[in-house]
Amino acid sequence: MGGLTISVAEWEVSREAPQLVSGEIWFTLAGVDFPGAHWTDSPVSVLGSMREALDSAASGEVGEVYFFDGPYYVKLTPHPANGRDEVEVLAICDRAQQLSGTGEGTVEARGKVPMNALREHYVDVVAERERWARHHGHSEVADVLSQMTPRHR
């Protein structure tokens, strides 16, 4: 998909608490890997945050996708244009907010993407991860991922 790519790789599921997943997840926006290539985080939580942001943007509201390790988030702002829905995407490092409680953060990348293409790409990524989880015997993770389809179409 042009504009924004969600990349995932190398996930580990905790044996003691299967709902805890760690691994690589990052976005590529306008050629910038955000927060960085092969970023390690809580990928299921990031994907859940993305679902909520997509639902907000589809409802005409601003949505935010949070990374849980670090001061990073992606802002989705809906922009209906020329009869098709687009989303302005900002990749933001909000280190000032984390340190002082003030500030808007630094925009590290920006772009506009068609809402439908972004939603379809998200659904494809989640479906691939669900298949991966089932194939590797992580049914609890697969069940959570199966519930992550965006509500609004």
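General observations
- Condition broken by residue 26, with the remaining ones in (1) more than 20 Å from residue 106 (Cα to Cα); (2) modelled with pLDDT of 95 or more satisfied: (1)
- Per-region count, the range 46-57, residues buried (at least 21 other Cβ atoms within 10 Å of the Cβ) and either touching an Asp or Glu at 6+ places or on another chain (Cβ under 7 Å) or more than 21 Å from residue 8 (Cα to Cα) (or both): 2
- Enumeration of residues in the range 1-30 that are in contact (Cβ under 8 Å) with a residue 60 or more places away in the chain and surrounded by fewer than 17 Cβ atoms within 10 Å (Cβ to Cβ): 1, 2, 5, 18, 19, 30
- Residues that are at pLDDT below 90 number at least 1 in the following strands (runs of 3 or more DSSP E) confined to the range 56-134: 72-81, 84-93, 106-114.
- Residue within the range 2-10 that is on the phi < 0 side of the Ramachandran plot and touching an Asp or Glu at 6+ places or on another chain (Cβ under 7 Å) present: yes
The values are calculated or read from the model by the stated rules, or taken from the named source; none is laboratory data. Please read all numbers here as calculations on a predicted model, not as lab measurements. Please note: Cβ atoms are built from the backbone with ideal geometry, for glycine as well, and neighbour counts cover all protein chains shown.
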